[in-house]
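Please treat every number below as a calculation from the coordinates, not as lab data. Quick caveat: nothing in here was measured; it's all calculated off a predicted structure. In this analysis, Cβ positions are derived from the backbone assuming ideal geometry, glycine residues included, and neighbour counts consider all displayed protein chains.
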Amino acid sequence: MQAPVRKIVISLNGVDFSYNGELVLQDVNLKIHEREMIGIVGPNGGGKTTLLRLILGLLKPRRGQVLVFGQPPEKSSHRLGYVPQHMLYDNRFPVSVLDVVLMGLTGKSGFGPFARAAVRKAEEALASVNLSEFRNSAFAELSGGQRQRVLIARALAASPDMLLFDEPTANVDTSAGEKLYQILGQLNERMTILVVSHDIGFVNHHISSVVCVNHQVVVHPTSSLAGQNIIDLYGNDISLIRHDHRCAQEGHQCSSS
Amino acid sequence: MLQFLSDLQQFRFLQYALLTGLMASVACGIIGSYVTVRRITYIAGAIAHCTLGGMGIAGYLNKEQGLTFLSPLAGAVCAALVAALVISYMLHRSTMRLDTILSAVWAIGMAVGIIFISKTGGYNKDLMSYLFGDILMVSDQDLILISVLDLILVGMVFLLYNRLVSISFDEEFARISGIRVDLYNTLFLCLVALTVVLLVQVVGIILVVALLALPAAAAGQMTTRLPAMMLLAIFLCAVSTTGGLVISYGPNLPAGATIVMLAGFLYLGSIFAVKIRRQGAS
């Protein structure tokens, strides 16, 4: 399915992480290649978000090594675009949609008001999630799915090489969720995408392989679905995670199985 | 009202009071809006109460030790900045609960102030004027310091606006996008401290939180972007301080309390205005 020369963009070697003395992740070995779309699934408390935060450099491993683009995470965090879970911020915060997108560029901008080039970049990012007409709307007045797209635009504004999502569809309905994944599918043509998902049975069909996190990490392939009752339940845009099938660290090698 | 206007032309203390109120409103609207959307009014409260320590020590050194260059206002600036740095350090470096830290700063600052004020000779009406404000007693020197503080605040916010908004909205994202969150949070608390000092001059320690929160909360009801919220909050704060001065002057009411009452009415008014507008729209 893919050429073997693809670069490794994330690698974890023998990583342990513990929180308040409790081991959350144990001996994690993982390699993710350029322009893959990876789903990170697992039960609550299994360590999905911890894994994401280790990659983002917000947490340091107790043992082992995390490399992002061949460097320690804190050195490459400017190349990562992060889209947080949509419950974590104040929904009544007084900002416009464009204000939120511009926040993606704040760390790279100088002091004082934004330069015109930054505004133009933010507008382009907004256009890529099809929300240009909401430029001046209040962020608080958008629907859940639209807000999530604004946060994608915020992450895209700084032209990242990788996108990381924490539960992108947790608070949106199925059709808005599919719209989000369509956008992710397009973005996947030019960047690597990691998606944390709360569902351990099924993931969106755009996702090529799945990293299962439950204190330890196992890579599984996905396969398409047949059962009509499951399609009725989840819609037909999903793939089954084959927990029975175990991949090598490079999960993509068997994703076509 | 007429009495106020004719006296305003005549008496310098009244002109100074009016100017102090207007200048404090600028800081109050800008920083109050940040404080409100970040929900940290009680950090401002702790810093405000801690200024009593600084004013007490400065007053003592001034009157008892002959250090006449040390005004209570200068003492308040020092105490507020120390409080901001302590709170910020504890927040970032210790695992203590925020409200424990705030209670400690709040109470210890006041205790230090009370001890030094009790050991300072002369009239002990200082304590009351610190606690409830004495906008009619602002001196030339105070006015200069107040304008300098105002300039620093406006300049800093102009430079740091984008970073502060990004941190206020989503601290974790700000950190990932390369903003030095801890540094700017510390700097921001220092700006809050300076604002608090300005407002202590107007309404006194105990009522600072009201003046910081109420105009910003009223403005927040009626606006959808932070800059608009700040401008409206500045306007409402200026209306409160000027209106409070005018209303309190004739019947000789305490100015600080009258200003806060007016700010409270404006806040209630904004709630009703928004409610009526919503009903009209639906």
Q) Semi-axes, largest first, in whole Å: what does sqrt of 5 times each Cα gyration tensor eigenvalue give for the protein assembly as shown? A) 54, 26, 18
Q | Modelled FRET efficiency - R0 45 Å, B:Ser129 with A:Arg63, Cβ distances, 0.05 increments | A | 0.15
Q) Cα convex hull of segment B:162-213: how many Å³ per residue? A) 79
Q. Residues with amide H under 5 Å of B:Asp134's amide H, sequence separation 5 or more or different chain, H placed in the peptide plane at 1.01 Å from N; which?
A. B:Gly204
Q | In segment B:97-175, the chymotrypsin sites (Phe, Trp or Tyr not before Pro) that fall in loop regions by DSSP, at most 15 other Cβ within 10 Å | A | B:Tyr123
Q: Report, by chain and number, residues whose modeled amide H sits under 5 Å from the one on A:Glu36, excluding near sequence neighbours (fewer than 5 apart, same chain).
A: A:Ile193
**Q.** Peptide B:155-165, shielding by other chains (average Cβ, 10 Å cutoff)
**A.** 4
Q: Among B:Leu70, B:Leu81, B:Leu131, determine the one that fluctuates most according to a GNM of chain B built with springs between C-alpha atoms less than 10 Å apart.
A: B:Leu70
**Q.** Alpha carbon convex hull of segment A:1-107, volume per residue in cubic angstrom
**A.** 153
Q) Sorted from largest down, what three extents in whole angstroms do the Cα atoms of segment B:1-154 have along their principal axes? A) 57, 40, 25
Q) Other chains near B:175-184: what is the mean number of their Cβ atoms within 10 Å of each residue's Cβ? A) 5
**Q.** Cross-link pairs A:Lys7/A:Lys75; A:Lys31/A:Lys121; A:Lys31/A:Lys179 - those with Cα-Cα distance over 20 Å
**A.** A:Lys31/A:Lys121; A:Lys31/A:Lys179
Q.
Need one number: nm distance between label points at B:Leu22 and B:Ile271, each 7 Å from Cα along Cα→Cβ, rounded to one decimal.
A. 3.2
Q: In whole Hz, with x marking every Gly and Pro, tabulate ³J(HN,Hα) for segment A:174-190 from phi via Karplus 6.51 cos²θ - 1.76 cosθ + 1.60, θ = phi - 60°.
A: 4, 6, 5, x, 5, 4, 4, 5, 4, 4, 4, x, 5, 5, 4, 5, 10
Q.
I want to check the label-to-label distance for B:Ile114 and B:Leu98. Put each point 7 Å from Cα in the C-beta direction and report it in nm to one decimal.
A. 2.7
Q) Using the alpha carbon gyration tensor of segment B:185-282, what are the three equivalent-ellipsoid semi-axes (square root of 5 times each eigenvalue), largest first, in whole Å? A) 24, 20, 9
Q) Where both partners of a DSSP beta bridge lie in the protein assembly as shown, what percent of those bridges are antiparallel, to the nearest 5? A) 60
Q) For segment B:89-173, which trypsin sites (Lys or Arg not before Pro) are in a loop by DSSP, counting at most 16 other Cβ atoms within 10 Å? A) B:Arg97, B:Lys119, B:Lys125
**Q.** Principal axis dimensions, largest first and in whole angstrom, of segment B:2-276 by Cα
**A.** 54, 49, 29
Q. What is the extension gain from A:Gln26 to A:Ala170, computed as 0.36 nm multiplied by their sequence separation minus the C-alpha to C-alpha distance, in nm to one decimal?
A. 49.2 nm
Q) At q = 0.18 Å⁻¹, what log₁₀ I(q)/I(0) does a Debye calculation on the Cα points of segment B:1-64 give, no solvent, two decimals? A) -0.89
Q: Tell me which residues come under 5 Å, amide H to amide H, from A:Gly81 once H is placed; ignore anything under 5 positions away on its chain.
A: A:Asp161, A:Met162, A:Leu163, A:Leu164
(Q) I want to make sure I understand the PRE zone here: with the label point 7 angstrom from the Cα of A:Ala127 toward its beta carbon, which residues in segment A:161-198 have backbone N atoms less than 17 Å away? (A) A:187
Q | Computed helical MRE - 222 nm, chain B, DSSP H runs ≥ 4 contributing -39500 (n - 2.57), nearest 500 | A | -28500 deg cm²/dmol
